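Since the structure comes first, as structure tokens, the remarks are kept for the end.
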Amino acid sequence: MENEKFDLEKIFKHWIATSDKDYKTMIHLFEVKDYHWSLFIGHIVIERLLKAMVVKITGEHAPFTHDLRRLAKLSKIEFQSDQIGWLDTITTFNLNARYDSYKQAFYEKCTQEFTAEWISNIKELRSWIKQML
């Protein structure tokens, strides 16, 4: 299976298309005040764009990881230090929304103000990464 050929362009476009769909879902969830899920999906929006870049740069499948910093490193995109900090925080949205032990604290953290700020950061990162693709 290691030497199995795959359609690089198809996989690349898949990651971008699914990220775009998830972006719409993230916005919708924010609008209906489902803040924690909005941020969870926001993480996936960025994850999929980074995976698209990893496929483009390496010519291989992106790894099975949700760690945005790891994907950023593999993507070869030169992120600024504040953007790396954003990636670290956004990665926690995936973990916090997923595991019961973190959920209650995460729910309480996800106020409208907090979520709006992070949705704005996700939008900015999304736009910036898409320019690199």
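Every number in this text was worked out from the coordinates using simple rules, so none of it is lab data. Keep in mind the model is a prediction, meaning the values are calculated, not measured. Heads up, the Cβs are rebuilt from the backbone with ideal geometry, glycines too, and the neighbour counts pull from every protein chain shown.
Rounded to the nearest whole Hz, the Karplus-based 3J(HN,Hα) values (6.51 cos²θ - 1.76 cosθ + 1.60, θ = phi - 60°) of the range 46-61 follow the sequence 5, 4, 5, 5, 5, 5, 4, 5, 4, 4, 4, 6, 8, x, 10, 4, with x at glycine and proline. Listed by chain and number, the aspartates and glutamates whose alpha-carbon sits under 16 Å from that of Lys33, ignoring those within fewer than 8 places in the same chain, are Glu108, Glu113, Glu117. The coefficient of translational diffusion for the chain, derived via Stokes-Einstein from the alpha carbon Kirkwood radius under 10 °C and 1.306 mPa s, stands at 105 µm²/s. Cβ-to-Cβ counts within 10 Å put Val55, Val32 in ascending order as Val32, Val55, the fewest first. Residue exposure proxy: His28, His36, ordered by other Cβ atoms within 10 angstrom of their Cβ from fewest to most, comes out as His28, His36.
For the chain, the longest principal axis of the C-alpha atoms and the axis of helix 81-98 are separated by about 70°. Separation of the range 65-94 and the range 10-33, taken as the distance between their Cα centroids, equals 18 angstrom. Straight-line cross-link partners of Lys13 among the aspartates and glutamates, defined as a Cα under 18 Å from its Cα and at least 8 positions apart when in the same chain: Asp22, Glu47, Glu60.
Could you put Trp118, Trp128 in order, starting from the residue whose Cβ has the fewest other Cβ atoms within 10 Å?
Values: Trp118 21, Trp128 14.
The most exposed by this proxy come first: Trp128, Trp118.
Here Lys76 is the anchor, and the lysines within straight C-alpha reach of less than 18 Å, apart from those fewer than 8 places off in the same chain, are Lys51, Lys56, Lys130.
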